[in-house]
Amino acid sequence: MKLKALCGTLALIGLFNVGAAQAQEVVRLGNLKFAHYGAVSYIKEIAPKCGIKVEERVFAKGLDVMQAIIAGELDVGTTASEAAISGRAGGAPIYVVAGFAKGGAQLVSRADLKLKTVKDLKGKKVGVTRGGIQEVLLLAELQQNGLTVSDQPGKDVQLVLLAYADLNQALLGKQIDAMMQSEPQSSQAINKGFGTEILKPYDTPIGEPVRTMVMTEKFYKEKRPLAEKFMNCFVQSTKLFIENKAVAEKYVREVVFKNQITKDDFDDAIGNSPYSYDITPEHIQITTDVMVKTGVGRMSKPPLAKDWVKTDLLEAAKKNLGVK
């Protein structure tokens with residue numbers, strides 16, 4: 001009896017240890033609610049097939065993701081590049097490990113004003129979200145066109161700082177004359193008829209901004225097998241969304257946005273912010289340099305991209321899955 005009891009106890013301990021090991025295979029992911037963040041969100045749906053569990057938390061903006069990383073609440077986060085750069089400059093222990101979407105911004109005029117160019121913004125109020133890549137792009141465009149800017153009256157252009165969710169309503173309510181907005185909200189404003197496109201702001205040195213996936217240094221270094229599984233899952237999810245538009249559209253429209261965006265909104269949004277995998281130190285360095293030039297982030301010591309852009313996990317996952 002004693003032997004049986006001992007075997008039973010050992011079996012229970014074994015089961016407990018297996019359960020504990022499985023319970024530890026959790027990746028804490030911070031994400032944002034935009035159409036081009038959909039493939040990242042989908043990782044949690046296929047995570048069990050990758051041998052992991054992904055717990056997703058959705059934040060209002062990238063800087064909030066950085067704060068959660070600094071607080072030790074996340075392993076992986078997604079954000080536009082400027083929030084990652086500001087985060088790293090501010091002491092966030094992160095590496096950029098992938099680029100999951102490109103583009104994703106539009107400068108949109110109130111439909112009744114019919115503003116055609118950046119120079120037409122002189123004397124106007126322009127809405128933008130503080131600390132977003134849209135702010136970097138807007139300031140770079142204004143600088144290129146010789147326009148001065150402030151969030152106080154007296155300059156060529158007055159910034160009105162609003163959350164992404166409030167920009168469209170402000171344009172519709174004529175509280176602002178134009179906005180630099182993300183997707184799908186910018187396409188929504190155009191499709192609903194209260195906004196018209198001035199331009200897609202990709203003619204600055206940044207080009208099309210690449211959205212960044214970051215990992216904490218601790219996760220990258222100390223949980224390498226789990227980080228590899230997560231990156232494999234990211235590549236699988238992104239490959240599916242690139243190759244199967246119907247799956248991507250259904251998930252983003254029905255699950256992420258709860259049927260609040262139309263098929264046209266989704267098509268136009270992803271047309272302006274396609275899913276992708278890649279990122280380079282050169283792109284992050286150029287973005288950092290433009291941020292310094294425009295004063296976004298007010299970094300006392302801008303980080304050097306070569307020190308914290310690490311794409312080895314991505315390259316291995318792409319090779320494993322035959323993705324070029």
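The values are calculated or read from the model by the stated rules, or taken from the named source; none is laboratory data. Please read these numbers as outputs of a predicted model, since none were measured by experiment. Here the Cβ is made from the backbone with ideal geometry for all residues, glycine too, and neighbour counts use every protein chain on show. When the accessible area is computed, the model is the full protein with side chains, heavy atoms only, and any ligands, DNA or RNA have been set aside. Shrake-Rupley method; radii C 1.70, N 1.55, O 1.52, S 1.80 Å.
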To the nearest 20 debye, what charge dipole does the chain have about its Cα centre, counting +1 at the Cβ of each Lys and Arg and -1 at the Cβ of each Asp and Glu? 600 debye
Decide, for region 51-119, between rounded, prolate and oblate: order the square roots of the alpha carbon gyration tensor eigenvalues as a ≥ b ≥ c, take rounded if a/c falls under 1.5, and otherwise choose prolate if a/b is larger than b/c, else oblate. prolate
Whole-Å distance linking the alpha carbon centroid of region 183-262 with that of region 289-313 is 21 Å
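Relative contact order (percent) for region 186-324, with alpha-carbon contacts under 8 angstrom and 6 or more residues of separation? Let's see the in-between values first.
On the way: 83 pairs, mean separation 43.6, N = 139.
About 31 percent, as a whole number.
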Whole-number percent relative contact order across region 108-175, with pairs defined as alpha carbons under 8 Å at least 6 apart: 36 percent
How much of residue 95 can a 1.4 Å solvent probe reach, expressed as accessible area in Å² and rounded to 10? 20 Å²
Positive-end residue, region 165-282 charge dipole about Cα centroid, Cβ charges, pick of 195, 185, 214: 214
Got the relative contact order for the chain handy, in percent, Cα pairs under 8 Å and 6 or more residues apart? 26 percent
What shape does region 178-324 have by the C-alpha gyration tensor, where a ≥ b ≥ c are the square roots of the eigenvalues, rounded means a/c under 1.5, and otherwise prolate means a/b greater than b/c and oblate the rest? oblate
P(r) of the chain over all Cα-Cα pairs, 10 Å bins starting at 0, rounded to whole percent, reads 6, 26, 32, 21, 9, 4, 2, 1, 0
Taking Cα atoms only, helix 2-24 is inclined relative to the longest principal axis of the chain by an angle, in degrees rounded to 10, of 10 degrees
Kirkwood Rh, Cα Rg: Rg to Rh for region 115-190? 0.93
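Around residue 293, under 14 Å between beta carbons, what's the net of Lys plus Arg minus Asp minus Glu among the other residues? Kindly include the intermediate steps, with their values, before the conclusion.
Details: positive: 298; negative: 82, 135, 141, 289.
Around residue 293, the charge tally is -3.
How do the peptides 176-187, 100-111 rank, highest first, by the average count of neighbouring beta carbon atoms within 10 Å per residue? Write out the running numbers ahead of the final one.
Working: 176-187: 26.7, 100-111: 24.3.
Those peptides, ordered most packed to least, come out 176-187, 100-111.
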Mean projected area (nm²) from the convex hull of Cα positions in region 264-324 is 6.3 nm²
Going down the list 61/263; 200/239; 33/155; 124/258; 124/239; 124/250, which pairs span over 30 Å between their C-alpha atoms? 33/155; 124/258; 124/239; 124/250
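Gain in length, residue 301 to residue 244, computed as 0.36 nm per residue apart minus the alpha-carbon separation, to one decimal in nm?
On the way: separation 57, 0.36 × 57 = 20.52 nm, distance 4.25 nm.
Using 0.36 nm per residue and subtracting the Cα-Cα distance, I get 16.3 nm.
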Within straight cross-link reach of residue 229, meaning Cα distance under 17 Å, which aspartates and glutamates are found once same-chain residues fewer than 8 apart are removed? 25, 45, 55, 56, 75, 217, 312, 315
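Just check region 204-243 against the gyration tensor rule for me: Cα atoms, a ≥ b ≥ c as the square roots of the eigenvalues, rounded for a/c under 1.5, and otherwise prolate or oblate depending on whether a/b exceeds b/c.
Oblate is the answer for region 204-243, as a/c is 1.5 or above yet b/c matches or exceeds a/b.
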Please give the charge dipole size of region 61-205, origin at the Cα centre, charges +1 on K and R Cβ atoms and -1 on D and E Cβ atoms. Round to the nearest 20 debye. 480 debye
Of 67, 51, 86, which is farthest along the charge dipole of region 48-87 in the positive direction, counting Lys and Arg as +1 and Asp and Glu as -1 at C-beta? 51
Net charge contributed by nearby residues that have their C-beta within less than 10 Å of residue 32 (K/R +1, D/E -1): +2
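So if I place +1 on the C-beta of Lys and Arg and -1 on the C-beta of Asp and Glu, and nothing else carries charge, what would the dipole magnitude of region 247-324 be about its Cα centre? I want it in debye, nearest 20.
Working: 12 positive and 12 negative charges, 61 e Å.
Here region 247-324 has a charge dipole of around 300 debye.
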For region 80-218, what are Rg and Dmax over the alpha carbons, in angstrom? 15.3, 52
Ignoring ligands, DNA and RNA, what accessible area per residue does the chain give at 1.4 Å, in Å²? 46 Å²
Could you tell me the calculated FRET efficiency between residue 172 and residue 221, based on Cβ-Cβ distance and R0 = 41 angstrom, to the nearest 0.05? 0.30
Where does the charge balance sit around residue 196 when Lys and Arg score +1, Asp and Glu -1, over other residues with C-beta under 15 Å from its C-beta? +2
Considering only 230, 161, 101, whose Cα is most displaced toward the positive end of the charge dipole of the chain, charges sitting on Cβ of Lys, Arg (+1) and Asp, Glu (-1)? 230
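Where the accessible area of the chain is counted over protein heavy atoms with a 1.4 Å probe, how much of it, in %, is carbon and sulfur? Before the final figure, lay out the partial values.
On the way: 7950 of 14760 Å².
It is 54 percent, rounded to a whole number.
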